[in-house]
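Read the structure below first, then the notes.
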Amino acid sequence: MPAPRVKSSRLLIAESGHDLEGHGLKRTMSLFHLICFGIGAVVGTGIFVGLSDSIAEAGPAVVVSYVLAAITCVFTAFSFAELGGAIPVAGSSYSFAYAGLGETWAFLVGWCLLLEYGISISAVAVGWSEYVNELLDSVLGLQLPAALSHGPTEGGLVNLPAVVLIGLATMLLVRGVRESARATAVMAVVKLVILVVFCAVGFTAFQDGHLSPFAPEGVAGIGAATSAAFFSYIGFDAITTAGEESRNPRRDVPIAILVCIGLVTVLYCAVALAAIGAIGSEEAGSRPAALSHVVDTVTGSDVGGAVIAFGAVVAIASVTLAVTYGQSRILMSMSRDGLMPRVFEKVSPKTSTPVTGTVIIGVVFGLVAAFVPLDGLIDLSTIGTLAAMAAVNVAVITLRRREPELERPFRVPLGPVLPVLGVLFCLYLMYETGRRTWVQFAVFLAAGLALYLGYGRKHSVLGSRPTEEPPVLAGR
């Protein structure tokens, strides 16, 4: 049996350094930008739209679900922090799997990232459309026609707001990373402020009785809600896709990941408690735009709900921007390795961005958002994300054995224990997504494997290059 094609961390770093020296990406992102980028990628549809679904599953115990989802993320966040600091390149989980597990697994991880990033682009944009209607209704007493704000399976023709959002995000990303980073930072601050204000309003009407019964559906409800709540955390690993555009990636990438997860977990638990404490889990779990409804109920005015709806519109827009960015960089890395068509690796000398690849991503997932409902996207995105995260945890263990001399500014504590726990938690949440999602995922993986065997393996740069590796460029 032939040995797996493994691309060492040294080669990955050297290649990224070569691109940066020539006509590739520019290092413009500071630690603050990375943290805002992470928050921009995470806080959005999951909390503004998906909170009601999680509450409906678990009741007040949804707080436990958010903590369990966060624990899964923390275990994996440690692994991302170690590998993101040690291998600061644009490919994120894909590149880490290439170094730790080999080319076949790397391709499948990159294929799964199409679910995490690509499908998330569509899912988030569909959720954004719901809050656009909520905002229009609160401010103007109007709503978009169902034919233009819902897909065919929801009684409409096309989800036009979702398409518009993806188009705007694509245009901004094409202009340049500096402009995108600034926009993401502003939107991240705006949505954090609005969620903090929501908590302040919600807790003024907090009633202890609304927390009883705490877990009406028992452990099964908590488990199901944990899988749903996990979607609210998807995107923190997008920080690692900025490895080639960070000014000091070895230091800043690990810090940004851990700060992002910690801040978001506290915020989510506070928002869930405020919402349930104010109006009760039964009512909060039955409202698609639960946060706006809570503020309207507590204040007795439509103004507060309009502010929350505005915050949701900003928040979800920033997620679309961040995950579109991440998807373009992952496909760029795969294209650079020959595993995807070369069109995705072309970087514009004028804007220093992969223009053509970004436009293709916008068109493809804009079409998905136009015609596919939100519920049909979330579970598939979740299982793909969890599979990629499990692979990253395994890659940490294998890379420590294969490349013990690799410089690691941050190391996962307790040796292999936490990565193993990360794998187990990921598998548990994958199980909770249900049989239908597993069948869809199996078909998706089979298609990915066929694409790799039919195209990727034949065009792989690693498979055709000499065995000698170039030296790592100084200062990288």
Being loosely packed, with under 15 Cβ neighbours inside 10 Å, at pLDDT below 85 and either outside any helix (DSSP H, G or I) or not charged (D, E, K, R) (or both) narrows it down to one residue among G475, G454; which is it?
G475
Among the candidates V314, V347, residue that is out of contact with any helix residue (DSSP H, G or I) (no Cβ under 7 Å at 6 or more places or on another chain) and either within 22 Å of G40 (Cα to Cα) or of a type in the set (V, I, T) (or both)
V347
Residue by residue through the stretch 122-136, note down the ones that are touching a residue at least 12 places away in the same chain (Cβ under 8 Å) and in contact with a Leu (Cβ under 9 Å, 6 or more places away or on another chain).
S122, A123, V124, A125, V126, G127, W128, S129, E130, V132, N133
Limited to the stretch 323-353, what total is found for residues that are outside any helix (DSSP H, G or I), farther than 18 Å from L113 by Cα and not aliphatic (A, V, I, L, M)?
7
Kindly indicate the residue of the stretch 251-266 that is at pLDDT 85 or above and surrounded by fewer than 21 Cβ atoms within 10 Å (Cβ to Cβ) and also nearest to P409 (Cα to Cα) among those meeting that condition.
I255
T356 - would you say it is of a type in the set (S, T, N, Q), assigned to a helix (DSSP H, G or I) and either at pLDDT 90 or above or over 23 Å from R457 (Cβ atoms) (or both)?
yes
Quick check on this structure: which one of A317, A274, A370 is assigned to a helix (DSSP H, G or I), among the small types (G, A, S) and touching a strand residue (DSSP E or B) at 6+ places or on another chain (Cβ under 6 Å)?
A370
Suppose we filter I378, I383, I397 for residues that are more than 27 Å from L168 (Cβ to Cβ) and touching a Phe, Trp or Tyr at 6+ places or on another chain (Cβ under 7 Å); which single one remains?
I383
Take the stretch 128-157 and flag every residue that is touching a His at 6+ places or on another chain (Cβ under 9 Å) and surrounded by fewer than 17 Cβ atoms within 10 Å (Cβ to Cβ).
L157
Just checking, how many residues over the stretch 318-339 are touching a residue at least 24 places away in the same chain (Cβ under 8 Å) and either surrounded by fewer than 24 Cβ atoms within 10 Å (Cβ to Cβ) or more than 30 Å from L135 (Cα to Cα) (or both)?
11
Step by step: first the residues of the stretch 398-412, then only those that are part of a loop (DSSP other than H, G, I, E, B) and among the aliphatic types (A, V, I, L, M), then the one that is nearest to K7 (Cα to Cα). Which residue is that?
L406
Name every residue in the stretch 75-100 that is touching a helix residue (DSSP H, G or I) at 6+ places or on another chain (Cβ under 6 Å) and of a type in the set (A, V, I, L, M, F, W, C), in order of residue number.
F75, A77, F78, F80, A81, L83, I87, V89, A90, F96, A97, A99
For the stretch 398-408, check the following and say yes or no: at least one residue is out of contact with any Cys (no Cβ under 7 Å at 6 or more places or on another chain) and within 22 Å of A442 (Cβ to Cβ).
no
Quick one: in the stretch 425-449, of everything that is in a helix (DSSP H, G or I) and β-branched (V, I, T), which residue is surrounded by the most Cβ atoms within 10 Å (Cβ to Cβ)?
T437
For the stretch 101-144, what are the residues that are in contact with a helix residue (DSSP H, G or I) (Cβ under 8 Å, 6 or more places away or on another chain), over 24 Å from L11 (Cβ atoms) and not in a helix (DSSP H, G or I)?
L142, Q143, L144
When you scan the stretch 262-310, how many residues do you find that are within 28 Å of G38 (Cβ to Cβ), free of Cβ contacts under 8 Å to residues at least 24 places away in the same chain and polar (S, T, N, Q)?
0
Restricting to the stretch 19-59, and then to whatever is within 19 Å of S129 (Cβ to Cβ) and among the polar types (S, T, N, Q), can you tell me which residue is modelled with the highest pLDDT?
S52
Determine, yes or no, whether G202 is assigned to a helix (DSSP H, G or I), surrounded by fewer than 24 Cβ atoms within 10 Å (Cβ to Cβ) and among the small types (G, A, S).
no
Name the residue that is nearest to the chain's Cα centre (by Cα), counting only residues in the stretch 277-293 that are part of a helix (DSSP H, G or I) and either polar (S, T, N, Q) or closer than 30 Å to G84 by Cβ (or both).
S292
Quick one: which of G176, G218 is surrounded by fewer than 22 Cβ atoms within 10 Å (Cβ to Cβ), modelled with pLDDT of 85 or more and at positive phi?
G218
Of everything in the stretch 395-411, what is farther than 19 Å from A238 by Cα and either crowded, with 20+ Cβ neighbours inside 10 Å or of a type in the set (A, V, I, L, M) (or both)? Give them in sequence order.
I397, L399, L406, R408
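The values are calculated or read from the model by the stated rules, or taken from the named source; none is laboratory data. Predicted, not measured: the structure shown is a model, and the values here were computed from it. Here Cβ is always computed from backbone atoms with ideal geometry, including for glycine, and neighbour counts include all displayed protein chains.
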